[in-house]
1. Could you list, in sequence order, all residues of the range 60-85 that are open to solvent by 20 Å² or more (accessible area, probe 1.4 Å) and under 21 Å from S25 (Cβ atoms)?
2. Please determine, by comparing only the residues of the range 2-22 that are part of a strand (DSSP E or B) and out of contact with any Leu (no Cβ under 9 Å at 6 or more places or on another chain), which one is farthest from the ligand (Cβ to nearest atom).
3. Only residues that are β-branched (V, I, T) and open to solvent by 40 Å² or more (accessible area, probe 1.4 Å): list them for the range 125-161, please.
4. Before we move on, is K79 more than 20 Å from P192 (Cα to Cα), part of a loop (DSSP other than H, G, I, E, B) and among the basic types (K, R)?
5. Could you identify the single residue in A87, A145, A76, A98 that is touching a residue at least 60 places away in the same chain (Cβ under 8 Å), among the small types (G, A, S) and over 16 Å from G8 (Cβ atoms)?
6. Examine the range 40-59 for a residue that is in contact with a helix residue (DSSP H, G or I) (Cβ under 6 Å, 6 or more places away or on another chain), more than 15 Å from the ligand (Cβ to nearest atom) and free of Cβ contacts under 8 Å to residues at least 24 places away in the same chain, and state whether such a residue exists.
7. Could you check the range 172-211 and list, in sequence order, the residues that are at pLDDT below 85 and in a loop (DSSP other than H, G, I, E, B)?
8. Going by what's in this entry, would A136 be described as within 16 Å of the ligand (Cβ to nearest atom), of a type outside the set (K, R), in a loop (DSSP other than H, G, I, E, B) and in contact with a strand residue (DSSP E or B) (Cβ under 7 Å, 6 or more places away or on another chain)?
Amino acid sequence: MKFVVTAGPTREPIDPIRFLSNRSSGKMGYAIASAAIEEGHEVILISGPVALSPPVAARVIQVTTSDEMYEAVHGALAKTDVLVMCAAVADYKPAATAKEKIKKRDEALSLELVPTRDILKSLPKTRDYFVVGFAAETDDVEKHAREKLRHKNCNMIVANDVSDSASGMESDENAVTIFLGDGEMKKISRAPKEKIARALVKIILETSKRF
Ligand code: CTP
């Protein structure tokens, strides 16, 4: 099977030396890419800027901004069986990028932000690949994850509680709850991200067979 996996953060430039980003380390996405390769699948890994070495057998597409990630995902979808949107894509970007470094002044500075394009929402509703979204939540995890499953037209949502510093962003461990379109829910308890990734790939393969 062919997997497209996105990982890491995006960077939205403010000026030539500054950007908006988030704490995503890319560890979960890279672990999913490795787990899928271990199971013998072909993997395209679309990665934002991270400090990790990709699995050797993956075809890696490096991107920086949410717009580049959007184009890379759409460009990689031909003959894809599974898309895993693990990347922490920025929700907003500066309305304009200054061409020169913004100079310090003795007054407040406001930045105008505009929404980025939502990659999951941009996917066609009728499609022949299975779509896994992620939900990083700090509160009401189940409610928000189920909303994302519906609004973002995913086949599966993997939710993690990022308010807990032992799991989720930057951590080597994670604990996730998986929500499926038919109302089913599965939990994977706290474990290293490599172990979570192997369990996730198994669940994705089982579920995508029924889809
Ligand atoms: N996502 C996306 N395109 C974006 C932003 C997010 O495809 N521009 C995807 C992420 O890769 C993830 C899912 O949407 O699979 C949910 O991301 P999350 O940050 O949890 O949710 P948001 O949609 O950004 O909503 P909020 O920040 O309000 O929780």
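The values are calculated or read from the model by the stated rules, or taken from the named source; none is laboratory data. Predicted, not measured: the structure shown is a model, and the values here were computed from it. Cβ: placed from backbone, ideal geometry, glycine included. Neighbour counts: every protein chain shown. Heavy atoms of the whole protein, side chains included, go into the accessibility calculation; ligands, DNA and RNA do not. Shrake-Rupley method; radii C 1.70, N 1.55, O 1.52, S 1.80 Å.
1. Selection gives V60, I61, Q62, T64, T65, E68.
2. Taking the candidates together, the pick is D15.
3. Across the range 125-161, the qualifying residues are T126, T138.
4. Against the criterion (more than 20 Å from P192 (Cα to Cα), part of a loop (DSSP other than H, G, I, E, B) and among the basic types (K, R)), K79 qualifies.
5. After applying the criteria, what remains is A98.
6. Yes; the residues of the range 40-59 include at least one that is in contact with a helix residue (DSSP H, G or I) (Cβ under 6 Å, 6 or more places away or on another chain), more than 15 Å from the ligand (Cβ to nearest atom) and free of Cβ contacts under 8 Å to residues at least 24 places away in the same chain.
7. G181, D182, F211
8. no
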